[in-house]
Amino acid sequence: MNQAINTYEIENQIESLRQQLQEAEELRRAISHGEVDAFVVGTSDDSKRVLMLSGAYARYRQLVEEMQQGAVTVSRSGEIMFANQAFAAMLGLAPIDIFRVPLTRYLAAADAGDATTLLQPHPGKAEVKATLRAPNGKQRPVRIALISASDEFNTLLVSERDEKDDEAGATVEAIRTGSVDALVIGGEQVVMLDSAQRFYQAAVDRMQQGVVIVDAQGNITYANQRMASLLGTPRERLPGTSLRKLARNGDDASLAALLNANAGLASSAQAEVRLRRADNEYVTTLMTVTAIADSQKMCLVSDLSLQKRHEATDERTRKFLAMMAHEFRNILGPIRNAVELMKRREDLDEECAKMVGVVDRQSARLVALVEDLRSINPRE
């Protein structure tokens with residue numbers, strides 16, 4: 001029985017040796033064919049080192065040292081294990097001076113967290129923007145990109161960042177995500193993105209105010225549903241109609257002045273304009289005209305009919321109250337005069353004098369109320 005167990009253990013040892021010999025042969029072949037450039041040796045994080053084979057080291061070192069961008073290899077603990085000349089020059093130091101120095105020491109405090117994410121075994125980000133801070137206080141914006149990641153080390157590429165490129169990249173990203181609706185070209189021409197046009201057209205169609213867009217000749221090219229309702233006409237009949245012909249005689253000149261104003265892009269002017277409805281009645285509107293692209297004008301039309309009715313009602317109420325105040329004052333005048341005469345009499349008994357005092361006080365209150373009514377309409 002023991003002999004069988006020994007035979008089994010010997011066979012396992014032989015198989016293990018065979019596998020080790022096979023791995024050694026594969027490693028020898030890889031080294032001889034230039035497939036292996038370096039080894040990581042050491043039993044702890046503090047003692048681990050990257051040993052490059054002489055041929056590979058010379059080849060890669062020359063390549064990395066000649067790079068225009070900074071290259072840095074960082075341990076999992078965040079210490080710099082290797083840095084090329086370009087990265088060291090960004091800091092104004094020699095490569096040997098930053099060996100085993102934490103990378104975060106040379107980053108702005110606000111960027112340390114983002115940079116640390118690149119040092120994880122499986123980083124969520126492949127690139128971060130940061131500010132590199134040299135010992136002499138000089139700062140420069142950089143872009144740090146993850147080149148390779150292993151269980152022990154991550155290699156990062158550090159390149160100087162142009163803020164104009166950042167703005168361009170941010171603009172492209174904003175367009176891609178739908179955050180940009182239009183572009184202004186040459187300071188004047190506004191170009192709407194197709195997706196934004198669909199969104200805004202849907203929003204304008206649901207506005208509570210009328211919206212009309214007219215061309216350079218004043219002809220309607222677009223009208224929303226609210227505008228069609230104000231005019232009491234089907235919406236599809238408005239395009240091609242001259243907006244000036246819808247204005248009442250006397251208001252067409254004001255409308256023409258609005259449409260022909262040489263205002264700059266996005267500036268606006270407004271005036272009250274009475275527009276003729278399909279039933280030949282007129283609706284009073286407040287029209288705000290804004291210049292947009294391609295010599296077109298956008299007109300925002302607010303219905304003032306209800307406001308005018310309220311104003312007329314308020315005016316009638318003020319006049320009525322003013323008339324009442326005037327009449328009450330005429331009535332109270334003689335009463336106040338009579339009270340004053342009664343107060344001067346010396347033959348009044350105590351009871352009559354008390355009654356005169358009551359009439360005096362109450363009539364004075366009525367006079368104050370009348371003055372309050374008169375103040376509602378100061379023109380009276």
>> Just to be sure I understand the filter: pairs with C-beta atoms under 7 Å, separated by 6 or more residues or on different chains, first member in the range 134-157 and more than 14 Å from Arg76 (Cβ to Cβ) and assigned to a strand (DSSP E or B), second member open to solvent by 60 Å² or more (accessible area, probe 1.4 Å) and small (Gly, Ala, Ser). Which pairs pass?
In response: Ala145/Ala126
> For the range 231-244, what are the residues that are open to solvent by less than 60 Å² (accessible area, probe 1.4 Å) and either basic (Lys, Arg) or in contact (Cβ under 8 Å) with a residue 24 or more places away in the chain (or both)?
Replying inline: Leu231, Gly232, Thr233, Leu238, Ser242, Leu243
> Glu315: more than 24 Å from Met207 (Cα to Cα) and among the charged types (D, E, K, R), yes or no?
Replying inline: yes
>> The conditions are (1) within 19 Å of Gln68 (Cα to Cα); (2) at pLDDT 80 or above; (3) open to solvent by less than 60 Å² (accessible area, probe 1.4 Å); (4) of a type outside the set (Ser, Thr, Tyr), and Gly137 fails exactly one of them. Which is it?
In response: (1)
> Within the range 312-322, is even one residue under 30 Å from Gln225 (Cα atoms) and out of contact with any helix residue (DSSP H, G or I) (no Cβ under 6 Å at 6 or more places or on another chain)?
Replying inline: yes
>> For the range 96-113, check the following and say yes or no: at least one residue is more than 14 Å from Ser159 (Cα to Cα), surrounded by fewer than 13 Cβ atoms within 10 Å (Cβ to Cβ) and modelled with pLDDT under 85.
In response: yes
> Among strands (runs of 3 or more DSSP E) lying entirely in the range 245-345, which contain 2 or more residues that are touching a Leu at 6+ places or on another chain (Cβ under 6 Å) and either open to solvent by 80 Å² or more (accessible area, probe 1.4 Å) or free of Cβ contacts under 8 Å to residues at least 40 places away in the same chain (or both)?
Replying inline: 268-276, 282-291
> Of these, Gln217, Gln208, which one is touching a helix residue (DSSP H, G or I) at 6+ places or on another chain (Cβ under 8 Å) and exposed (fewer than 13 other Cβ atoms within 10 Å of the Cβ)?
Replying inline: Gln208
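The values are calculated or read from the model by the stated rules, or taken from the named source; none is laboratory data. Predicted model only: the values in this text are computed from it and were never measured. Heads up, the Cβs are rebuilt from the backbone with ideal geometry, glycines too, and the neighbour counts pull from every protein chain shown. Each accessible area value is taken on the protein alone, full model and side chains, heavy atoms only, with ligands, DNA and RNA left out. Shrake-Rupley method; radii C 1.70, N 1.55, O 1.52, S 1.80 Å.
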